[in-house]
Amino acid sequence: MTDTLKSRLEIIDVDCESTTRIELDKLYDNAYYDGIKFHIPSPQAAEAIWLRLIARKEQEFIQELTPALKSRATILSKNDASAIEGMVNEIFADDRYLERMQDFYREVTKKAMVYESSFDMDAKRLELLDSTYRMGAANALRKARRNVLAELEPYTQPGAPEDAGFLSQWRHYSNLSPLRSITTVALLSLTSYLIAAIITSETFQRLLERFGWSGGTGL
């Protein structure tokens, strides 16, 4: 199960990055030289592309994990849970995304140098744009890690008994309908009270005495 899930998450990661690469290439195509000045693509547009990338991965990871885990209706072993959690943290690691605005500047500069012998962007503006992007990306990554890993929580219970069969079946049964588990508990309680009432009734006690059994409270 873990290997299959990891493979699926890796495919999602690659597919999302490929889509983003296409969007960035289109953005770079908007750069042009008017004979006097080289006009760069919008850094804000690049920022929006990367934030969409993080959100897209978050959404598709959840869409992949949720049905896969529910269909198994089981408690993940510590090793399986750790492996999936490690992969999620790796794919949404800050160092994979926070330098991308700097990469954007380097790519833009490379294109500009084809037309201009020297090209330099406003250092203060670049610093502000980079800082804004880093803050937004860090927050988006933190949210993505939290939301994706939250999908694992119902299936990772530290200290769960080795025989998780009953708990797995109960979770599967409860997930079918939130009211069903409540109804089951209520019925079990009513059954217990009914049995207790029957045992302590005078009719039941007389029936026991007729067959020669003791009607004490040790039953």
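Computed values, structure above
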| item | result |
| --- | --- |
| Failed item, numbered, when ILE62 is tested on (1) part of a loop (DSSP other than H, G, I, E, B); (2) within 21 Å of LEU152 (Cα to Cα); (3) not hydroxyl-bearing (Ser, Thr, Tyr) | (1) |
| Checklist (1) under 30 Å from GLU153 (Cβ atoms); (2) among the polar types (S, T, N, Q); (3) surrounded by fewer than 16 Cβ atoms within 10 Å (Cβ to Cβ); (4) free of Cβ contacts under 8 Å to residues at least 40 places away in the same chain applied to SER42, failing item | (1) |
| Subset of the stretch 1-51 [in a loop (DSSP other than H, G, I, E, B) and either small (Gly, Ala, Ser) or more than 21 Å from the chain's Cα centre (by Cα) (or both)] | ASP29, ASN30, ALA31, ASP34, GLY35, ILE36, LYS37, ILE40, PRO41, SER42 |
| The one condition in (1) over 18 Å from CYS16 (Cα atoms); (2) assigned to a helix (DSSP H, G or I) that VAL88 fails to fulfil | (1) |
| Test: ALA55 is of a type outside the set (Asp, Glu), within 20 Å of GLU151 (Cα to Cα), modelled with pLDDT of 95 or more and out of contact with any Asp or Glu (no Cβ under 7 Å at 6 or more places or on another chain) | yes |
| Options LYS78, LYS26, LYS111; residue that is within 27 Å of ARG142 (Cα to Cα) and open to solvent by 50 Å² or more (accessible area, probe 1.4 Å) | LYS78 |
| Long-range neighbours under 9 Å by Cβ, at least six apart or interchain, first residue of a type in the set (Gly, Ala, Ser) within the stretch 103-117, second part of a helix (DSSP H, G or I) | none |
| Selection status of ALA68, open to solvent by 20 Å² or more (accessible area, probe 1.4 Å), closer than 25 Å to ASP13 by Cβ and not in a loop (DSSP other than H, G, I, E, B) | yes |
| Pairs where the first residue, in the stretch 59-77, is at pLDDT 85 or above and the second is open to solvent by 60 Å² or more (accessible area, probe 1.4 Å) and in a helix (DSSP H, G or I), C-beta under 6 Å, 6+ apart | GLU64/ARG8 |
| Residue match in the stretch 125-136 (condition: loosely packed, with under 14 Cβ neighbours inside 10 Å and modelled with pLDDT under 85) | yes |
| Count - residues of the stretch 1-23 that are β-branched (Val, Ile, Thr) and exposed (fewer than 12 other Cβ atoms within 10 Å of the Cβ) | 3 |
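The values are calculated or read from the model by the stated rules, or taken from the named source; none is laboratory data. Keep in mind that this is a model prediction, so the values were computed, not measured. All Cβ positions, even for glycine, are placed from backbone atoms using ideal geometry, and neighbour counts span all protein chains on display. We work out accessible area using only protein heavy atoms, side chains counted, and drop any ligands, DNA or RNA first. Shrake-Rupley method; radii C 1.70, N 1.55, O 1.52, S 1.80 Å.
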